[in-house]
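Read the figures in this text as sums done on the coordinates, not as results from a lab. Remember, it's a predicted structure, so these values are computed and weren't measured experimentally. Here the Cβ positions follow ideal geometry from the backbone for every residue, glycine too, while neighbour counts run over all protein chains shown.
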Amino acid sequence: MKQSKIIQEADDKRNYDHEADMARSELYRLAEYSVKLFKMIEPGSNLEGWTASKITKAADYIGSVYHYMKYESKFGDEDQDVDRDEMDYDESIKKDLTNKLAEQWQHRKQG
C-alpha cells in the first residue's frame with residue numbers, strides 16, 4: 001500500500017500542469033480588483049447594467065468553482081467515509097425549509 005502511494009505521488013509530479021499556480025495568481029488578482037471596486041462603488045450609487053451584470057457573473061462563476069471544490073474535498077474520494085450525521089443534518093435542514101416554503105405557499109393561496 002505504501003509503495004503504491006509513492007508511485008501515485010511520482011505520477012502526480014510528472015503530470016503537474018501548473019493549473020493551480022495559474023488559478024491562484026488569477027484569484028489573487030481577482031481579490032485585489034474586487035477590493036478596489038468595492039471601495040469605488042458607494043452604497044446607493046448607480047451602475048450601468050452591463051457592469052453590474054459582469055460582477056454578478058464573476059461572483060456566480062467563482063461561487064460555482066468554490067462549491068465544486070468544497071464538495072470534491074469532502075465527498076470526492078469514493079473510498080472516503082462520508083460523515084452521515086452531517087448529511088442527515090443537511091437533509092433535515094432542507095426538509096424543514098421545503099416544509100416552511102410549502103406552508104407559506106399554501107397560506108398565500110388561501111389568503
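Protection proxy ranking of 18-25, 39-46, by the mean of other Cβ atoms within 10 Å over each peptide's residues and highest first, is 18-25, 39-46. Backbone phi angles across the range 48-61, fed through the Karplus curve with coefficients 6.51, -1.76 and 1.60 (θ = phi - 60°), yield HN-Hα couplings of 5, x, 5, 6, 5, 5, 5, 5, 4, 5, 4, 5, 5, 4 Hz in residue order; Gly and Pro are listed as x. When the pairs Lys70/Lys95; Lys74/Lys94; Lys54/Lys95; Lys70/Lys94; Lys36/Lys57 are compared against a 27 Å limit on Cα-Cα distance, Lys54/Lys95 fall above it.
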